[in-house]
Amino acid sequence: MVLPQSAHSVPVPALASGDRLTRAEFERRYQATPEKFKAELIEGVVYVASPVRACYGVPHATLVTWLGVYSAATPGVSVADNTTIRLDLDNEPQPDALLRIETGGTSTLSEDGYIEGTPELIAEIATSSAAIDLGDKKNAYRRNGVQEYLVWQTFENRFSWFRLQSEEFVLIEPDAEGIIRSSTFPELWLAVTALLEGRMSNVLNTLQTGLISPEHQAFVQKLAESLI
């Protein structure tokens, strides 16, 4: 909630794309904007989001559903949708979706409810933002140690899964079955062709095959033991 300013207070400048700000100033201005406003700070530069069209909203919901099912079956792993991350002093992104290990992972929750640090997996829907998602934002995620970075380019109907290896993002190709398997979250499987063709039932059936495996159950047990 934005508190009303006194008659003698200085108005807070509105955020605009291209502004170069510190993270502290970015947060100060962001807190003074309407609730549905969305902006990100990437490498010290502000990017204000455009109105949401179906070419973004539909794949966004699809991706969040897939990650949400995995999270629901994996206590200790949480999914977040459009949640601000205090990544470093020059970057405060608001990725379309993320998965993070709640205890013992590479990110934490601050006292004021923000994610701080580096979630293990981040996913972005790239429409008009493709140049940013595959440019400065990708580099910021790589530099901060995001283990897996997923980008769905909706205009090209292309899905890219990058994995951090030797401090570089390496593009991972689907296997002979058309599936990519996460190296960070055991049995998080994605049937890429089915996803791009809109066959969501196939996507979820493939995921479910992984979720019933002994490997996934071992991961759930490991997460539970970390809480003891």
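The values are calculated or read from the model by the stated rules, or taken from the named source; none is laboratory data. None of the values given here were measured: they were computed from a predicted structure. We place every Cβ from the backbone using ideal geometry, glycine too, and count neighbours over all the protein chains shown. Accessible surface is based on the protein model in full, side chains and every heavy atom, while ligands, DNA and RNA are left aside. Shrake-Rupley method; radii C 1.70, N 1.55, O 1.52, S 1.80 Å.
Taking amide H as placed 1.01 Å from N in the peptide plane, residue 106 has its amide H under 5 Å from the amide H of 101, 120, each at least 5 places away in sequence or on another chain.
The 3J(HN,Hα) values that the Karplus relation (6.51, -1.76, 1.60; θ = phi - 60°) gives for the stretch 200-205 are, in residue order, 5, 4, 5, 4, 6, 5 Hz. Gly and Pro appear as x. Phi angles of the stretch 95-105 translate, via the Karplus equation with coefficients 6.51, -1.76, 1.60 and θ = phi - 60°, into HN-Hα couplings of x, 5, 7, 8, 10, 9, 7, 5, 10, x, x Hz per residue; Gly and Pro are given as x.
Return the carbon/sulfur percentage of the accessible area of the stretch 1-137, one whole number, probe 1.4 Å, all protein chains in place.
Working: 3930 of 6800 Å².
Exposed carbon and sulfur together represent 58 percent of the surface.
Each other residue within a Cβ distance under 15 Å of residue 187 adds +1 if Lys or Arg and -1 if Asp or Glu, for a net charge of -3.
How much FRET efficiency would the formula 1/(1 + (r/R0)^6) give for residue 53 and residue 209, where r is the Cβ-Cβ distance and R0 is 45 Å, rounded to 0.05? Walk me through the numbers before you get to the answer.
Values: r = 33 Å, r/R0 = 0.74.
Between residue 53 and residue 209 the formula returns 0.85.
Amide H contacts of residue 38: 49, each under 5 Å away and 5 or more positions distant or on a separate chain (H built 1.01 Å from N in the peptide plane; Pro and chain starts excluded). How much FRET efficiency would the formula 1/(1 + (r/R0)^6) give for residue 22 and residue 168, where r is the Cβ-Cβ distance and R0 is 25 Å, rounded to 0.05? Rounded to the nearest 0.05, the efficiency is 0.30. Evaluating 6.51 cos²θ - 1.76 cosθ + 1.60 at θ = phi - 60° for every residue in the stretch 78-91, the Karplus couplings come out as 10, 9, 9, 10, 6, 10, 5, 10, 7, 7, 7, 5, 10, 9 Hz, glycine and proline recorded as x. Taking all protein chains into account, the per residue accessible area for the stretch 173-228 stands at 56 Å² (1.4 Å probe).
Amide H contacts of residue 126 (H built 1.01 Å from N, in plane; Pro and chain starts excluded): 152, 153, 154 sit under 5 Å, all sequence-distant by 5 or more or on other chains. Using C-alpha pairs below 8 Å separated by at least 6 residues, the relative contact order for the chain is 13 percent. Entry comment: accessible area of the stretch 27-167 is 43 Å² per residue, from protein heavy atoms only and a probe of 1.4 Å.
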